[in-house]
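What follows is a short report on a single structure.
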Amino acid sequence: MLQKRRRLAAVIVPLFLFTGLSAFIPKEQVYDGGKELYEKKCARCHGKDGTKGLFGARNLQISKLDDAGYIRVISEGRNIMPAWQKKLNEGQINLIVLYIKALRK
Ligand code: HEC
């Protein structure tokens, strides 16, 4: 009886931990992944906090585009703003969109 219960616990406890953790991890990774990409690809013109404005880059703290607008500008570029659709995949662009929305004041 006791052994049976232990065996059950051996299955259920890790399952619990795994589902519990996996509900938690993605959000953190989304944030970190977006930050890393942003700082590598975008911060040189927009600045780490979004306000640098090199070459007339928009201040991302006061930018008010919706998600579709961000995806379009980042993918296709606009004037001096380069297009990223050949250098970043859809998932990476989505991570960056989440990150730049978090920069808003
Ligand atoms: C070479 C400099 C440069 C780099 C690198 C750059 N941008 Fe830009 N970005 C600009 C400029 C300049 C504009 C203004 C474009 C215009 O409307 O004339 C702009 C505009 C934008 C806008 C539009 C904001 C609004 O409210 O209209 C977004 C969003 C944006 N950039 C995001 C990014 C992201 C994300 C990256 C990195 C993947 C990035 N930019 C990399 C120069 C840059």
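FYI, it's all coordinate maths here, none of it is from the lab. Everything quoted here is computed from the prediction, not taken from an experiment. FYI the Cβ positions are ideal-geometry reconstructions off the backbone, even for glycines, and counts take in every protein chain you see.
For region 49-105, what are the residues that are in contact with a Phe, Trp or Tyr (Cβ under 7 Å, 6 or more places away or on another chain), surrounded by 13 or more Cβ atoms within 10 Å (Cβ to Cβ) and among the β-branched types (Val, Ile, Thr)?
Once the filter is applied, which keeps residues that are in contact with a Phe, Trp or Tyr (Cβ under 7 Å, 6 or more places away or on another chain), surrounded by 13 or more Cβ atoms within 10 Å (Cβ to Cβ) and among the β-branched types (Val, Ile, Thr), region 49-105 yields ILE74, ILE93, ILE96, VAL97, ILE100.
Pairs only if they're at least six apart or on different chains, beta carbon under 9 angstrom, first in region 55-78 and at positive phi, second more than 6 Å from the ligand (Cβ to nearest atom); list them, first residue then second.
Hits for this filter: GLY77/ALA83; GLY77/GLN85.
Looking only at helices (runs of 4 or more DSSP H) that fall completely inside region 35-105, which ones have 1 or more residues that are more than 9 Å from the ligand (Cβ to nearest atom)?
By residue number, 67-76, 90-102.
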